[in-house]
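Engineer: Input: one structure, supplied below.
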Amino acid sequence: MSVIRDADLSRDKPALLDFIMGSQAYEHAFEPNRRLDPPVAEEHFAKMLALLAERAGKILVAADAGDKAIGWAIVLESEDDIYVVAEERRYAYIAELFVVESLRGTGAGRALIAACEAWAGARSVRVMQIGVLPGNARAHGIYRRQGYTDYGIQLRKYLR
């Protein structure tokens, strides 16, 4: 069983960078546009920290019994477009969610999602969102089992 705690960047940052690379490698299997060069981890991490500096949010870590980070999540408060009804415009977005491969299926991801939802609920946010790539059927299934439903579909076309 994992424990969910706030990230301590002074000790967790190497693991968080590994999680970014792990996510890139996992997603690259079904979305080949994912970068696998080592600088992507630092660049993406810097981008996430910048988002956290401008919006309310939190980095959470799933830790094992020895307090070693085994997964993470970033939840951010966001605001939807003006065409969304006012009471649903403010939402929380799970911008990152990753659990090390050997511990997937143990409940760490579900616990991270629940912690993100608790954070949002404590802020009186009524809507949660999370994104998933079309090829990531496993994550899509997990999110649906957690009560998430498909909200939008974004299409892409390469012009060559």
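Since every read-out is calculated from the coordinates, none of them should be taken as a lab result. Everything quoted here is computed from the prediction, not taken from an experiment. Note that we place each Cβ from the backbone using ideal geometry, even for glycine, and neighbour counts take in every protein chain shown.
Engineer: Over all directions, how big on average is the projection of the convex hull of the alpha-carbon atoms in segment 3-145, in square nanometres? If you can, show how the numbers build up before the last one.
Structural biologist: Working: hull surface 37.1 nm².
Taking the Cα atoms of segment 3-145, their convex hull projects to 9.3 nm² on average.
Engineer: Let me ask something additional. Run the reach check for residue 58 against lysines, Cα to Cα strictly under 23 Å, same-chain hits fewer than 8 apart removed. What comes back?
Structural biologist: 13, 47, 68
Engineer: Whole percent per 10 Å bin, from 0 to the bin with the longest distance: what is P(r) over all C-alpha pairs of segment 81-141?
Structural biologist: With a bin width of 10 Å, the distribution comes to 19, 44, 29, 8, 0.
Engineer: I've got another one for you. Sort 93, 148 so that the residue with the fewest other Cβ atoms within 10 Å of its own Cβ comes first and the one with the most comes last. Walk me through the numbers on the way to the answer.
Structural biologist: On the way: 93 21, 148 16.
Starting with the residue having the fewest Cβ neighbours, the order is 148, 93.
Engineer: Fully extended, how many nm does the chain gain between residue 81 and residue 157 (0.36 nm per residue separation, minus their Cα-Cα distance)?
Structural biologist: Once the chain is fully extended between residue 81 and residue 157, it gains 24.9 nm.
Engineer: Rounded to the nearest 0.05, what FRET efficiency do residue 126 and residue 42 have when you use their Cβ-Cβ distance and R0 = 25 Å?
Structural biologist: 0.10
Engineer: In what sequence, highest mean first, do 132-143, 26-37 appear when ranked by Cβ atoms within 10 angstrom?
Structural biologist: Packing order, densest peptide first, comes out as 132-143, 26-37.
Engineer: Using the per-residue mean of other Cβ atoms lying within 10 Å as a proxy for protection, in what order, highest first, do the peptides 63-70, 78-85 fall?
Structural biologist: 63-70, 78-85
Engineer: Using mean Cβ contacts within 10 Å as the protection proxy, how do 114-127, 94-107 order, highest first?
Structural biologist: Final packing ranking: 94-107, 114-127.
Engineer: Taking a virtual spin label 7 Å from the Cα of residue 34 along the C-beta vector, which residues in segment 67-99 bring their backbone nitrogen under 19 Å of it?
Structural biologist: Taking a point 7 Å out along Cα→Cβ of residue 34, the residues of segment 67-99 whose backbone N falls under 19 Å are 70-75, 94-99.
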